[in-house]
Amino acid sequence: MFRWGVLSTAKIGREHVLPAIADAENGVLSAVASRDPAKARALADRFGAPHAFGSYDELLASDAVDGVYIPLPTSQHVEWTARAIEAGKHVLVEKPLALKAGDIEPLIGLRDRHKVLVCEAFMVVYHPQWIKVRELIRSGAIGRLRHVQGAFSYYNVDPGNMRNKLDLGGGALPDIGVYPTVSTRFATGKEPVRVQATIERDQKFGTDIYSSIRADFDGFELSFYLSTQMAARQSMVFHGDEGFIQVASPFNAGLYDDHRVELFNQNHTQAQVFRFPGTQQYRLEVETFARAASGGEDSVFTLEESILNQKMIDAIFRAGEKDGWERV
């Protein structure tokens, strides 16, 4: 059994990843660390972990941990990923791993020297609905792909929430902009060439709260919008000349809608529906990671992939400061 440690008692860990580890066939939660020892002990007890630590360094020094999950604020991801690697631990770190692509590059050297697995936690690439979308596009089910259209929004104006704190890496693009970009890249196997963007920032928080983006993938376009201050919505549509694919709940399947992919023909007179009821994408993520860290040949989201995705986000931010196209 792969022995997990978690750095912090963050909400995404409590609600999604730690329950997934508890359900996993090949892993167990061994330790929790928090700067508040009482919180660490309470979360460890909740999930049956035998060890609780009052500092992250104590957990990284523990022989009872094979790998760590890091759901700290975005601004701390690179630092603690590097520390975990240097401690010889495998690392699954929440997205976004970094706020600049250049910050990820040194981690590759560390990873290779210490011979550990390091992955950004994009759970969507392990969901069978996205594997099905990729298969449909590759098989020519919609003919030539011409346009991808996406949306991701929610409403959050809580000043205490890290998503609204610029110094912690908050904002719509770091938090949710990475999903339309990574899912498009995953499904098509293509990389963007250039982007255009309109970005609006909150005058109080300083974070980006709305973006409208157009990306040229040299053969098809991706257009999507994001917001942290609009009604909640998720959508991804892949439109070809012979049909289109619609993903009902692309990023939080089961929350916004069913685990469902719909394939429509050219005249919209026929549809195939592919359903994936009960899929637990976080469990698939942690099980795949544990197998790969233990020497398996499972496909995971690599640091090289993280750099490519972050380069696109970096380019979108630059494009938001100018009128016209920005090279990725």
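Points to keep in mind about this one:
- Largest-first principal axis extents, alpha carbons of segment 256-299, Å: 48, 22, 13
- Per-residue packing, averaged as other Cβ atoms within 10 Å, sorts the ranges 74-81, 123-130, 33-40, 293-300 into the order 123-130, 74-81, 33-40, 293-300, beginning with the highest.
- For segment 241-279 versus segment 143-210, the gap between their alpha-carbon centres in whole angstrom: 22
- Think of segment 124-279 as having a plus end and a minus end, set by charges on the Cβ of Lys, Arg, Asp and Glu; of Gln203, Ala172, His259, His259 sits farthest toward the positive end of this dipole.
- Cα-based Rg of the chain normalised by 2.2 N^0.38 Å, two decimals: 1.00
- One equal scatterer on each Cα of segment 242-328, no solvent, Debye formula: the resulting log10 I(q)/I(0) at q = 0.13, 0.21, 0.25 Å⁻¹ is -0.78, -0.99, -1.05.
- Relative compactness, segment 124-279, computed as alpha-carbon Rg over 2.2 N^0.38 Å: 1.08
- Assuming charge only on the beta carbon of Lys and Arg (+1) and of Asp and Glu (-1), the dipole of segment 193-328 about its Cα centre is about 340 debye to the nearest 20.
- Less than 5 angstrom separates the built amide H of Gly170 from those of Lys165, all sequence-distant by 5 or more or on a different chain.
- Helix 105-114 and the longest principal axis of the C-alpha atoms of the chain enclose an angle of approximately 50°.
- Here segment 124-279 is treated with +1 on each Lys and Arg Cβ and -1 on each Asp and Glu Cβ, and its dipole about the Cα centre works out to around 180 debye.
- Column: log10 I(q)/I(0), Debye, Cα scatterers of segment 117-202, q = 0.16 Å⁻¹: -0.82
- Here the chain is treated with +1 on each Lys and Arg Cβ and -1 on each Asp and Glu Cβ, and its dipole about the Cα centre works out to around 220 debye.
- Coordinate range along principal axes, alpha carbons of segment 1-123, Å, largest first: 38, 27, 24
- Tilt relative to the chain, helix 37-46 - C-alpha long axis, 0 to 90 degrees, to 10: 70
- The P(r) of segment 133-175 has a tail past 17 Å containing 55 percent of all C-alpha pairs.
- Derived scalar couplings between HN and Hα for segment 269-283 equal 9, 9, 9, 10, 10, 10, 10, 9, x, x, 4, 10, 5, 5, 5 Hz in order, rounded to whole Hz, by the Karplus curve 6.51 cos²θ - 1.76 cosθ + 1.60 (θ = phi - 60°), x for Gly and Pro.
- The chain, helix-only ellipticity at 222 nm - DSSP H runs n ≥ 4, -39,500 (n - 2.57), divided by all residues, nearest 500: -8500 deg cm²/dmol
Values in this text are rule-based calculations from the coordinates and carry no lab data. A quick note: this is a predicted structure, and the numbers were derived from the prediction, not measured. All Cβ positions, even for glycine, are placed from backbone atoms using ideal geometry, and neighbour counts span all protein chains on display.
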